[in-house]
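Working notes, structure below.
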Amino acid sequence: MGWLLESLNSSLGKKFIMAVTGICLILFLIIHLINNLTLFLGPEVFNNVVKNLETIKPLVRVVEVILLLIFIFHIFNGIRLWIENRQARPERYAVNGSSKNADVFSRTMVQTGSVIFVFLVVHLQTFWYAFNFGSPLTDLHKYYEFVADSFKSYAYSGFYIAAMIILGVHLNHGFQSAFQTFGWNHKKYFSFIKILGAVYSIIMAVGFGSIPVYFLFFYGGN
Amino acid sequence: MSDGRINLKLKIWKQSGPNFPGSFADFEVQVSPDASFLEMLDELNNDLESKGLEPVAFESDCREGICGTCGLVINGQPHGPIPKIATCQLHMRNFKDEDTIWVEPFRAKAFPVVKDLIVKRSAFDKIMYAGGFVSVNTGGVPDANAILIPKEKAAESFDAAACIGCGACVAACKNASAMLFVSAKVSQFALLPQGQPERYERVQKMVKVMDDLGFGSCTNTYACEAECPKGISVRNIARMNRDYFVAKVKSANLEVEV
Ligand code: HEM
Ligand code: SF4
Ligand code: FES
């Protein structure tokens, strides 16, 4: 197993872990978005979806643990790479020319990632905790009403929307970056992958962001 | 301005040795727009020397963009603001009268400053020793065209081989990663039949030495490609990643010995 650990600890190995975990998270977000968009189908549908998930709780738990591990690896490796990469250039340039040779998406992965992390903590604390450990509304299986109630606050919704835009920024670089890391950069197809990544990122940002927007501005209450 | 010459303010990094602290020194020069950047520094140094002052230390050799010694970071960009040229090919007509120009050495842990603008790039040589060659047995001269190579492969390999080892990719990368250089050197052999026998050994060895020397990890910002004087493509990095992962999975060796 020594060779495996050594390989995964090499500069390319760490990138490989970032890319594998990143792609897993990208796939997870698709499922998560589809699930969340059922909110637009009204209280009955959404509450039923959540109730149905309750019936397969053991499976959900397994997925949650895998997801947690993926996040831990992704975050741990991302921060480790960031620290090591800063150490590789102990003295900074007086004039920072990076805006002239690299786009803002690629230069801010650790910053956008950190915002996503803060969001994740807040998000889990509000929704995951209430859905799993109960709250006055979720105890009555009124999950939809709980979501609607949460997004009444301008501050909370604003934070959500901002975080989703940042997520889109992170994904726009991450998507194509993962392909490059795996070595799938082909002259003919890579520009398509870049566009696909941008479209995916916009769908994620708009899709997830539309939920707080809806409850803040278009939802009249019950 | 007099007879078309332009006045420039230079802020040049001065550092007397590897373990000394450095700082920027201010200079003012009047230079012909037709002069190259290095000629401008030559004029400055002549002037300094005639006054009994110490010249600015910088490196150069071919002065035609093929040797890779002349790299400077000019206003934050390795080899200056014009794409696909080396510092020696940069002309002063690309600057305006009264511009201030910051001139810094390449900065990376693996490229320590020797003096002023000169950095030690022997880390690249060490990577080359690890695998930047093809081993051949001596013997009779092989027949021409005994090994057929498709035109596109030869061209692609040649594009990778155009790397002059200048280190601008490391200087440009926010992570001081040497991936563009190493991948160019890996690719030029990986694309040709002659490179096949050692293909997967080579990539593992070169990456190992690269890592040991303290270069950062690639985060795919592609700044290297943007600043490379030879336009080396980041597709070479993708190829190297692919070869490396294949090598790690297939190779029977438990340890990479360099
Ligand atoms: C749903 C959440 C997330 C998704 C879908 C995601 C996705 C991705 C993807 C696909 C990559 C590119 C991998 C590669 O370059 O090969 C990436 C890179 C990165 N992520 Fe995330 N990420 C998420 C959350 C986070 C969080 C919470 C952090 C926390 C710090 C983070 C930090 C980073 C960093 C620093 C990189 C750059 C590493 C590199 O380019 O080598 N990400 N992410
Ligand atoms: S890849 Fe380009 S920038 Fe890097 S050393 Fe070679 S020629 Fe210089
Ligand atoms: S002096 Fe040789 S490349 Fe510039």
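The values are calculated or read from the model by the stated rules, or taken from the named source; none is laboratory data. Every value quoted in this text rests on a predicted model; they were computed, and no experiment measured them. When we count neighbours, we look across all protein chains shown, and the Cβ atoms used for this are built from the backbone with ideal geometry, even at glycine.
Here are some residues: B:Glu152, B:Glu156. Which one is free of Cβ contacts under 8 Å to residues at least 24 places away in the same chain, of a type outside the set (Val, Ile, Thr) and not assigned by TED's automatic domain parsing to the domain that holds B:Pro33?
Testing whether each residue is free of Cβ contacts under 8 Å to residues at least 24 places away in the same chain, of a type outside the set (Val, Ile, Thr) and not assigned by TED's automatic domain parsing to the domain that holds B:Pro33 leaves just B:Glu152.
Quick one: what pairs do we get from region A:57-70, first residue in contact (Cβ under 8 Å) with a residue 24 or more places away in the chain and at negative phi, second assigned to a helix (DSSP H, G or I) and aromatic (Phe, Trp, Tyr), C-beta under 8 Å, 6+ apart or different chains?
Cβ pairs passing all conditions: A:Leu67/A:Phe28; A:Ile70/A:Phe28.
If you scan region B:47-84, which residues turn out to be within 14 Å of another protein chain (Cβ to nearest Cβ), within 16 Å of ligand 2 (Cβ to nearest atom) and of a type outside the set (Lys, Arg)?
B:Gly71, B:Leu72, B:Val73, B:Ile74, B:Gly76, B:Gln77, B:Pro78, B:His79, B:Gly80, B:Pro81, B:Ile82, B:Pro83
If a residue must be buried (at least 23 other Cβ atoms within 10 Å of the Cβ) and either among the basic types (Lys, Arg) or away from ligand 3 (no atom under 13 Å from the Cβ) (or both), how many such residues does region B:75-84 contain?
Qualifying residue count for the region: 1.
Could you look through region B:172-215, keep only residues that are among the polar types (S, T, N, Q) and part of a helix (DSSP H, G or I), and pick out the one that is farthest from ligand 1 (Cβ to nearest atom)?
Of everything passing the filter in region B:172-215, B:Gln194 is farthest from ligand 1 (Cβ to nearest atom).
Would you please name the residue that is farthest from the chain's Cα centre (by Cα), looking only at residues in region A:96-113 that are assigned to a loop (DSSP other than H, G, I, E, B) and buried (at least 16 other Cβ atoms within 10 Å of the Cβ)?
A:Gly97
Residues in region A:114-134 that are surrounded by 16 or more Cβ atoms within 10 Å (Cβ to Cβ) and either farther than 22 Å from A:Ala162 by Cα or touching a Leu at 6+ places or on another chain (Cβ under 7 Å) (or both): how many?
Final tally of qualifying residues: 3.
Which members of region B:210-258 meet the condition of being of a type in the set (S, T, N, Q) and over 29 Å from A:Gly113 (Cβ atoms)?
Passing the criteria: B:Ser251, B:Asn253.
For B:Arg93, all conditions in the list (1) within 14 Å of chain A (Cβ to nearest Cβ); (2) in a helix (DSSP H, G or I) hold save one; what is the number of the exception?
The one condition B:Arg93 does not meet is (1).
Which helices (runs of 4 or more DSSP H) does region A:1-66 wholly contain that include 2 or more residues that are surrounded by 13 or more Cβ atoms within 10 Å (Cβ to Cβ) and either within 16 Å of ligand 2 (Cβ to nearest atom) or within 14 Å of chain B (Cβ to nearest Cβ) (or both)?
A:2-9, A:11-37
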